[in-house]
Each structure stands twice: as structure tokens, then as C-alpha cells.
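The values are calculated or read from the model by the stated rules, or taken from the named source; none is laboratory data. As the structure is a prediction and not an experimental result, all values here were calculated from the model. For neighbour counting, all protein chains shown are included, and Cβ atoms are generated from backbone atoms with ideal geometry for every residue, glycine included. Calculation scope for accessible area: heavy atoms of the full protein, side chains included, ligands and nucleic acids excluded. Shrake-Rupley method; radii C 1.70, N 1.55, O 1.52, S 1.80 Å.
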Amino acid sequence: MGETRNELTGDVLGAAVQARDVNAIYLGGKPVEVRVPRMLPGDVASFLNRFAELEVLGKRQGPIRVAVTGAPGIGKTTLAVHWGHLIKEQFPDGQLFYRLNGSGDSGPAAPADVLLFFLRQFDVENIPDTEDERAALFRSVTAELKLLIVLDDAVSAQQVKNLMPGSDNSAVVVTSRNRLDGLKLRGFSPLVVERFSDEVAREFVSLVAEDLADEPEHLRALTRLCDGLPLALHVAAVRLSTGDYASVAEYVSVLSDSRQLFKELSIEEDRLVEAVFEVSYRELAPQPARAYRLLGGHFGSDFTLPLARAVLELSDVDTRRALSALGKSNLLGVADGRYSFHGLIKQHASAVAERESERLGALRRGVSWYLRRALALGKVIHPERPMLAKELWESTEPAHESREDALAELAAERLNFRAAIRTASRLQEHRVVCELTDALAQWHYQSGFLEDRAEAHDRAATAAEALGDSGVAGHAYKLAGIAAEAVGDFPLALQRFEDAFRLVSKSIDRQSVLEWTGIVLAQAEDFVAALAKFREAWDIDVPEELRARAEALLRMHIGRTLGADADLAELRKSLDYFVAHGERGNAARVLVLIAEPDGVERAVADFEAEGMPCQQAQALELLARLRPESAERSLERAADIYRRLGLVNDLERVLR
């Protein structure tokens with residue numbers, strides 16, 4: 001041990017004490033107590049699920065820096081506060097909470113004011129005036145502390161950057177309806193809060209409004225109308241629990257009217273759900289706000305960049321910027337190149353669009369884009385020129401190089417094409433209704449979505465009548481008859497063909513209508529009348545360049561009608577024509593009629609390649625009879641197709 005020294009040097013004012021060892025010093029009467037802030041809001045008693053998000057938060061290693069983002073009303077603050085209560089004991093020096101007011105009417109909180117508030121929690125005196133000086137002091141004060149800091153409703157990464165503590169042992173959780181990509185540069189991990197699943201949403205509503213279990217179907221409908229959004233679900237549950245409605249069914253009926261939706265998702269005239277979307281909309285810059293209105297009012301369920309560019313009439317770069325801004329505000333989602341607004345956000349955007357003077361023009365531009373796209377896709381899957389929109393077809397480039405890619409896009413856009421036809425009909429764009437239906441006719445014929453097809457052609461027939469164009473009307477009635485045949489409505493089909501025959505004048509069109517009349521009569525098992533129609537069609541003098549194909553088709557139909565009595569030599573003539581001219585689908589139909597196992601197996605593959613699922617399933621049923629040893633597998637494949645297409649009767653037949 002070193003030498004002990006006991007010396008006093010320098011000037012001393014007042015009394016001095018010299019002692020060998022000093023173990024503690026007490027200044028004043030009592031020890032000074034350091035205040036420990038406990039500022040987390042109370043936890044939510046009905047907190048539910050969020051297991052995935054909590055698991056992600058629980059796995060964080062090293063400094064905890066998390067940016068919790070998501071759509072308005074999704075429950076970001078609730079999740080952050082709940083997690084804070086779960087881990088607060090790990091932070092003995094306290095918890096700080098501040099609402100940064102990023103979406104408040106009074107504007108975002110100034111970081112300097114937040115720092116002033118935080119520093120006062122630690123009884124800091126002589127706080128400087130500038131933001132940077134306060135930030136430096138805050139880092140100094142917290143350098144040795146272990147704190148949990150929750151910064152709620154941030155507007156930007158810039159607002160947050162000076163609010164960081166001086167210790168990596170402290171956790172910082174930021175919530176925002178914006179993505180705050182800039183925080184990634186500061187070590188923050190993003191956590192996107194998703195909507196509740198239907199099951200969790202129903203459980204959530206039942207927690208708040210009890211005794212709803214006796215209306216499970218209507219409860220499911222309610223959760224879908226609320227789009228899995230916790231705020232909307234909570235409001236709906238409160239409305240039900242207060243007895244405003246006699247039943248869930250009554251409330252669902254009211255909410256189903258889009259004009260009443262936000263009014264009824266309110267409490268005491270406070271439109272809580274609408275308000276959170278309105279705030280996000282008001283914060284948008286002019287171009288993204290316009291995109292929100294016009295694309296939110298878009299008739300389809302989702303859309304692509306080219307559609308958005310056409311509707312907004314912007315360059316590719318400006319369109320991407322507008323969509324990116326909506327994405328960063330968590331108002332717009334994107335997956336596999338397709339953009340979409342979630343249900344309630346789309347409802348709000350549509351309501352805002354109603355006040356937009358550009359709305360009708362945007363709808364027309366959208367419909368026009370879908371017409372051009374249908375023609376471009378049609379050039380790939382069926383390169384023959386359509387009956388209508390011929391000039392537009394001539395100037396349109398094929399959409400894809402491969403048939404598979406074209407069929408994939410048609411499938412992805414199916415609901416949007418249907419919505420485009422409905423919108424054109426509502427706007428009384430009669431010629432566009434006819435042209436778009438005609439452009440999609442071949443795909444409708446092959447795809448197996450029979451109700452879409454029937455609806456489209458009925459609308460086209462009505463539009464054609466309104467046009468007063470007998471040629472267009474006759475063509476539309478023929479397509480409507482084909483669609484009616486596909487769904488088994490033979491009387492309607494025959495009536496449509498009768499209307500078409502009355503209106504068409506070209507010999508090839510008259511022959512085609514007679515051909516289809518025969519097909520329907522055969523389906524109705526009036527074989528004698530069917531054969532008579534086919535012979536009547538055969539006798540019509542059509543242009544020489546069309547004659548060979550017309551005869552190949554009629555031979556095929558006659559062979560199908562004759563069944564076991566069909567002339568195989570005549571059927572093989574049709575097969576040779578279709579093979580030689582690359583008509584794979586029609587060739588496959590003839591192979592099914594010839595009914596040789598190898599040929600039917602080839603037909604199954606050809607129908608699949610041509611995107612003709614109904615015909616593929618029917619061929620598989622035939623193959624099961626021709627090859628009993630592999631019948632089970634063939635019928636399983638047929639059942640899968642019918643199940644996918646929603647053809648219940650066919651599915652039940654196969655499963656029997």
C-alpha cells in the first residue's frame with residue numbers, strides 16, 4: 001500500500017476538516033433523488049393478436065431502433081404502446097413518450113419544443129435556445145441512461161433525427177403513417193403493421209360488442225366492410241354495443257351503401273374513420289393528391305403503371321413519383337407491379353373523386369386504355385382482325401411475344417376488363433362497349449368465366465341497339481347468343497341468334513349465325529333441326545377465301561351432332577385443315593370427337609396451351625373413360641379445373 005498523505009494546500013475560506021479516510025459526502029439534509037419519467041400511455045385492455053409484429057420486435061438485437069408504419073387507423077400507436085409496456089422493466093431509467101402531431105390539424109411538433117419537454121423531465125436547468133444545442137444537451141444527459149423513447153405520429157425522418165438519446169442502450173420506437181425511409185440511414189428497422197385477418201377482426205369486434213356470435217355470417221360481412229382496419233372495427237363494435245342497431249345484419253345493410261359508409265362509421269357525429277384518411281389526403285402534394293383522386297376513383301380493383309400514366313396524362317417519371325408518394329404515405333400498396341388501394345382507403349378516394357371535375361375524363365381515359373390493351377392482347381392470342389375497332393387494331397402493337405404471357409395478363413386484368421365494360425355502359429359510351437366486348441370475345445370464349453362473358457355480350461347487344469347500327473347490333477347479338485349458349489340458356493341463345501340473323505347482311509356473318517343456331521339446337525338435343533341448320537349454312541355462298549375454313553367448322557359440328565354415326569373421314573378433313581392453319585384449339589376439338597386415346601391426350605395438352613380450361617376438363621373426363629388405368633388422375637385434374645372456375649355442377653359430376 002502506498003504512503004498515506006494528509007496535507008492541505010491552497011487558500012481556504014472558512015472551516016476545513018482533515019481526516020484519514022472519507023467514505024461518503026452528503027450535501028444538504030437529504031440525498032438528491034433523480035426523477036424517473038414514466039410517460040407511456042395506458043395499455044389497451046382489448047389488445048389482440050399482432051403476434052407476428054411482436055415477434056419481430058422481440059427479436060431485435062443491439063440498439064433498438066424501430067419505425068412502425070402502416071395505413072391510417074391501422075393501430076400503430078396501440079402496438080408501440082403495448083410493446084412498450086411489455087419491455088419497460090428493461091429500461092430502469094424511464095420511458096419518454098411524445099406525440100409529434102404529424103397528422104394533427106395544428107401541424108407537426110417542433111423538435112426544439114420536444115427536446116425542451118424531455119430535458120425538463122430530468123430537471124435540467126439553463127436549457128439553451130437552439131434545437132441543435134438542446135439536442136447535444138439531451139444526448140449528454142442521456143448518455144449513461146437506459147431509456148425507452150416512443151415518438152408517436154412523426155411526419156418525417158427530419159423531425160426525428162435530433163431526438164435521439166446519447167446511449168445505444170436506449171430503445172427508440174417511432175410511429176408514422178409515412179414510411180420514413182430516411183430513418184433507415186440512422187439504423188432504424190421498418191415494421192409495417194398489417195390489417196387484421198377476417199378471423200382476428202371478428203374476434204376483435206366480439207370483444208368490444210358481446211353477444212354477436214349468433215350472427216356469424218353478418219359478422220363476417222361487417223369485418224369485410226371494415227377492411228380489417230382496427231379503428232373502423234372498433235367504431236363499428238361501439239355502434240353495435242350501444243344498441244343503435246337491432247342487429248349486425250341491419251348495420252351491415254346500412255354500411256353496404258357506400259354513400260352512408262363513413263357517416264355510419266362514426267360516433268356522436270365524429271367521423272373518426274373518414275377523418276384519418278382525410279388528414280393523410282390533405283398532407284399530399286398537388287400531383288400525388290390528384291393521383292389519389294383520379295386513381296382512387298378508378299373502376300378496377302387494381303392497376304398497372306401504364307394505366308395510371310394514361311389516366312393521369314403524365315410522363316412515366318412523373319407517374320412513378322406520384323405513385324411512390326402515395327406508397328410512402330401508406331395509402332397505396334404495390335405487389336408484382338400492380339398497385340391497389342385497400343377497401344376503405346379506396347372508398348375515401350372515390351368519395352373525394354366525386355368532387356373532382358376531371359373525374360369523367362379520367363374514367364373515359366381508363367376505359368380507352370383497356371380497349372387498346374384488349375386489342376394488343378388479342379393480337380397475341382387470336383391474331384385475326386376483330387369485327388369492330390379495325391383501324392385501332394391495325395395501329396396497335398402486340399402486347400407480348402408469347403401467348404402464355406398474354407393469357408397471364410388477361411387473367412390478372414379480368415375483373416378490370418369487366419369493370420371497364422360496366423363503366424363504359426354507365427357512361428353511355430355505346431360504341432366502346434361494343435368494341436371492348438368484341439376485342440375480348442375470343443378470350444371470353446376460351447377462358448371459362450361464363451358469367452363475365454354473358455354479362456359483357458348482353459351489355460354490348462343493348463349498346464349496339466342504342467347506336468342504331470344494324471351491322472354492329474347483329475354482331476353483338478351473335479356474341480350474346482354464344483355467351484347464352486355457354487351458360488346453358490338455350491332459349492335466350494336462339495332468340496339472340498334470331499335477332500342477329502335479322503340484322504346481319506354479309507354472307508359470312510349469316511352463315512356464322514346459322515352455324516351457331518345449329519350448335520345450340522344440338523345442345524338442346526334437337527338433332528334433326530341442328531343438322532338442317534348446318535346444311536342451310538353450308539349452302540350459303542361465302543367468299544372463296546373463307547370457304548375452306550367455313551366447311552372445316554361445319555364438318556366438325558355435323559360430326560359432333562351425329563355422334564357415333566359421324567363420318568371419321570370428314571372429321572379428319574377438318575383436323576387436317578386446322579392443323580395446317582395453326583388452329584390448335586379447333587384441332588383439339590376434332591381430336592376429342594375422333595376419340596382415340598392418344599389424340600385425346602394431345603387435345604388435353606393443346607387445350608391447356610390455348611387457355612381453354614373448360615374444354616381441357618371435358619377432354620380429361622373423356623380420357624378417363626378411354627384409359628381406365630389412369631382415370632383417377634384424369635378426373636382429379638378435371639375436378640381441379642372445375643373448382644378453379646367455380647363450375648359447381650360439373651365439379652359434383654366429376655366427384656361422383
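Could we say that residue 93 is in a loop (DSSP other than H, G, I, E, B) and either more than 41 Å from the chain's Cα centre (by Cα) or within 25 Å of residue 227 (Cα to Cα) (or both) here?
Against the criterion (in a loop (DSSP other than H, G, I, E, B) and either more than 41 Å from the chain's Cα centre (by Cα) or within 25 Å of residue 227 (Cα to Cα) (or both)), residue 93 qualifies.
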Counting only residues that are within 17 Å of residue 414 (Cα to Cα) and of a type in the set (Lys, Arg), which one in the range 425-471 is most open to solvent (accessible area, probe 1.4 Å)? 459
When residues of the range 226-236 are limited to those that are part of a helix (DSSP H, G or I) and open to solvent by 20 Å² or more (accessible area, probe 1.4 Å), the one nearest to residue 206 (Cα to Cα): 234
Just one of 254, 200 is part of a helix (DSSP H, G or I), buried (at least 17 other Cβ atoms within 10 Å of the Cβ) and either modelled with pLDDT under 85 or not basic (Lys, Arg) (or both); which is it? 200
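From the list 300, 327, exactly one residue is of a type in the set (Gly, Ala, Ser), over 19 Å from residue 363 (Cβ atoms) and in contact with a Gly (Cβ under 8 Å, 6 or more places away or on another chain). Which is it?
Working: 300 fails: over 19 Å from residue 363 (Cβ atoms).
Criteria check complete, one pass: 327.
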Name the residues in the range 129-142 that are open to solvent by 40 Å² or more (accessible area, probe 1.4 Å) and outside any helix (DSSP H, G or I), would you? 129, 130
Any residue that is outside any helix (DSSP H, G or I) and free of Cβ contacts under 8 Å to residues at least 12 places away in the same chain - is there at least one of those in the range 513-524? no
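Could you tell me which of the residues 180, 115, 185 is farther than 22 Å from residue 92 by Cβ and modelled with pLDDT of 95 or more?
Working: 180 fails: modelled with pLDDT of 95 or more; 185 fails: modelled with pLDDT of 95 or more.
Exactly one of 180, 115, 185 is farther than 22 Å from residue 92 by Cβ and modelled with pLDDT of 95 or more, namely 115.
May I ask you to say which residue of 239, 290 is in a helix (DSSP H, G or I), under 30 Å from residue 108 (Cα atoms), in contact (Cβ under 8 Å) with a residue 12 or more places away in the chain and open to solvent by 10 Å² or more (accessible area, probe 1.4 Å)?
Details: 239 fails: under 30 Å from residue 108 (Cα atoms).
Just a single option satisfies the conditions, and that option is 290.
Could you tell me whether residue 279 is among the β-branched types (Val, Ile, Thr), within 18 Å of residue 71 (Cβ to Cβ) and surrounded by fewer than 17 Cβ atoms within 10 Å (Cβ to Cβ)? I'd like the intermediate steps shown before the answer.
On the way: among the β-branched types (Val, Ile, Thr): yes; within 18 Å of residue 71 (Cβ to Cβ): yes; surrounded by fewer than 17 Cβ atoms within 10 Å (Cβ to Cβ): yes.
Answer is yes for this residue.
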Between a first residue in the range 586-597 that is free of Cβ contacts under 8 Å to residues at least 40 places away in the same chain and a second residue that is acidic (Asp, Glu) and part of a helix (DSSP H, G or I), which pairs have beta carbons less than 7 Å apart while being 6 or more apart in sequence or on different chains? 587/606; 588/606
Any chance the range 319-328 includes a residue that's of a type in the set (Ser, Thr, Tyr) and part of a helix (DSSP H, G or I)? yes
Of the conditions (1) under 28 Å from residue 276 (Cβ atoms); (2) surrounded by fewer than 17 Cβ atoms within 10 Å (Cβ to Cβ), the single one that residue 347 does not satisfy is (2)
Report, by residue number, each residue of the range 158-185 that is of a type in the set (Gly, Ala, Ser) and open to solvent by 20 Å² or more (accessible area, probe 1.4 Å). 166, 182
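Return the residues of the range 82-110 that are of a type in the set (D, E, K, R) and open to solvent by less than 50 Å² (accessible area, probe 1.4 Å); say none if nothing qualifies.
We begin by selecting, within the range 82-110, every residue of a type in the set (D, E, K, R); these are 88-89, 93, 99, 105.
Matches in the range 82-110: 93 only.
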Within the range 592-615, tally of residues that are among the small types (Gly, Ala, Ser), open to solvent by less than 30 Å² (accessible area, probe 1.4 Å) and outside any helix (DSSP H, G or I): 1
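Out of curiosity, is residue 11 at pLDDT 70 or above and either farther than 24 Å from residue 199 by Cβ or of a type outside the set (D, E, K, R) (or both)? I'd like the intermediate steps shown before the answer.
Numbers: at pLDDT 70 or above: no; either farther than 24 Å from residue 199 by Cβ or of a type outside the set (D, E, K, R) (or both): yes.
Here the answer is no, as residue 11 does not meet what is asked.
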Of the residues in the range 111-128, those that are part of a loop (DSSP other than H, G, I, E, B), on the phi < 0 side of the Ramachandran plot and open to solvent by 40 Å² or more (accessible area, probe 1.4 Å) come to 125
Which one is modelled with the highest pLDDT, of the residues in the range 479-538 that are open to solvent by 60 Å² or more (accessible area, probe 1.4 Å) and among the β-branched types (Val, Ile, Thr)? 528
Filter result (open to solvent by 20 Å² or more (accessible area, probe 1.4 Å) and over 16 Å from the mean Cα position of the chain (by Cα)) within the range 186-197: 186, 187, 189, 190, 192
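Within 43 Å of the chain's Cα centre (by Cα), assigned to a helix (DSSP H, G or I), charged (D, E, K, R) and within 21 Å of residue 554 (Cβ to Cβ): which single residue out of 589, 637 fits that description? It would help to see each step written out before you state the result.
Details: 637 fails: within 21 Å of residue 554 (Cβ to Cβ).
Just one listed residue meets the conditions, 589.
Got a sec? Which helices (runs of 4 or more DSSP H) wholly within the range 344-447 have at least 2 residues that are over 24 Å from residue 475 (Cα atoms) and in contact with a His (Cβ under 8 Å, 6 or more places away or on another chain)? Show your work before the answer.
Numbers: elements: 359-381, 390-394, 403-412, 414-426, 430-439, 441-447.
In the range 344-447, the matching helices (runs of 4 or more DSSP H) lie at 359-381, 403-412.
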If you take the residues of the range 60-69 that are at pLDDT 90 or above and not β-branched (Val, Ile, Thr), which of them is least open to solvent (accessible area, probe 1.4 Å)? 67
